[in-house]
Amino acid sequence: MQVVSSVTFDEVQTEFRREHPVARRHQGNTNQDTENCLELADKAFGSWSKVRLGRADVLDVMLPWHLSEGGAYELVPRTGLTVGQAARLIGAREAEWAGANPVCTAKLSRFRDSAFTSLYLSTHPVPHDHYADVRVGDGFIHLDGLHRMVAWELAQRLPADEELTAFIAGDISSHATTGGQRT
């Protein structure tokens, strides 16, 4: 992870709204839910950082509970899974999973080849039911970007180097790196 700068919540909201309009018409648009989650994160943690992440960082992001929209299979249990674990789960049963989870499958398909957009993360779970039982690991916690991160990994597009922009709520000092080593 490479720290770029501290940012204000207004800057975070502006970037999110630019990339993810609430009024965008697509099946399963959850952008308003994400805006609400970003506000929860701001109230809970109060500080934001803009960083650059590579594949290893993204694979360690912890995802909260996710019952695929309109689907039959739970993608992420209440205790959470990392992006890497979720991608392996789908990859191992992709045809079966796709047939049972059409809305998530459509999102994953759309994002496999999409341009990289910013990710929104936090240092700890936000006070929300979907995050209540999440086990915290070494990585960050997802606020937005679940389908994009998983799709990019399934398509083997996650860059090894720190090329992905992320906005992170909370104190990132324990995640800071120096020359590739955590401090």
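The values are calculated or read from the model by the stated rules, or taken from the named source; none is laboratory data. Quick caveat: nothing in here was measured; it's all calculated off a predicted structure. A quick note on method: Cβ atoms are made from the backbone with ideal geometry, for glycine too, and the neighbour counts reach across all protein chains shown. These accessible areas exclude ligands, DNA and RNA; they are computed on the full protein's heavy atoms, side chains included. Shrake-Rupley method; radii C 1.70, N 1.55, O 1.52, S 1.80 Å.
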| field | Residue under evaluation Trp97, criteria (1) in a helix (DSSP H, G or I); (2) touching a His at 6+ places or on another chain (Cβ under 8 Å), criterion not met | value | (2)
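Residue by residue, here is whether (1) more than 19 Å from Val3 (Cβ to Cβ); (2) within 11 Å of the chain's Cα centre (by Cα); (3) assigned to a strand (DSSP E or B) holds:
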{"site": "His124", "(1), (2), (3)": "no, no, no"}
{"site": "Val134", "(1), (2), (3)": "yes, no, no"}
{"site": "Gly137", "(1), (2), (3)": "yes, no, no"}
{"site": "Leu143", "(1), (2), (3)": "no, yes, yes"}
{"site": "His147", "(1), (2), (3)": "yes, yes, no"}
{"site": "Pro159", "(1), (2), (3)": "no, no, no"}
| field | Residue satisfying condition, being open to solvent by 40 Å² or more (accessible area, probe 1.4 Å), at pLDDT below 95 and at negative phi, within set Leu75, Leu67 | value | Leu67
| field | Tally, over the range 92-118, of residues that are polar (S, T, N, Q) and open to solvent by 40 Å² or more (accessible area, probe 1.4 Å) | value | 1
| request: Name the one entry in Leu154, Leu81, Leu89, Leu121 that is open to solvent by less than 10 Å² (accessible area, probe 1.4 Å) and either at negative phi or polar (S, T, N, Q) (or both). | output: Leu121
| task | Could you tell me whether the range 33-46 includes any residue that is at pLDDT below 90, within 19 Å of Lys107 (Cβ to Cβ) and assigned to a loop (DSSP other than H, G, I, E, B)? | result | no
| Can you find a residue in the range 48-61 that is open to solvent by 40 Å² or more (accessible area, probe 1.4 Å) and modelled with pLDDT under 85? | no
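Filter the range 68-101 for residues that are farther than 24 Å from Ile168 by Cα and touching a strand residue (DSSP E or B) at 6+ places or on another chain (Cβ under 6 Å) and give the result.
Selection gives Ser68, Glu74.
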| Residue selected from the range 111-143 under the condition over 24 Å from Arg17 (Cβ atoms) and β-branched (Val, Ile, Thr), by the criterion modelled with the highest pLDDT | Val134
| request: Would you point out the residue of the range 1-32, among those that are exposed (fewer than 11 other Cβ atoms within 10 Å of the Cβ) and at pLDDT 90 or above, that is nearest to Leu67 (Cα to Cα)? | output: Asp10
| query | Restricting attention to the range 100-122, which residues are among the aliphatic types (A, V, I, L, M) and either part of a loop (DSSP other than H, G, I, E, B) or closer than 17 Å to Thr165 by Cβ (or both)? | reply | Ala115, Leu119, Leu121
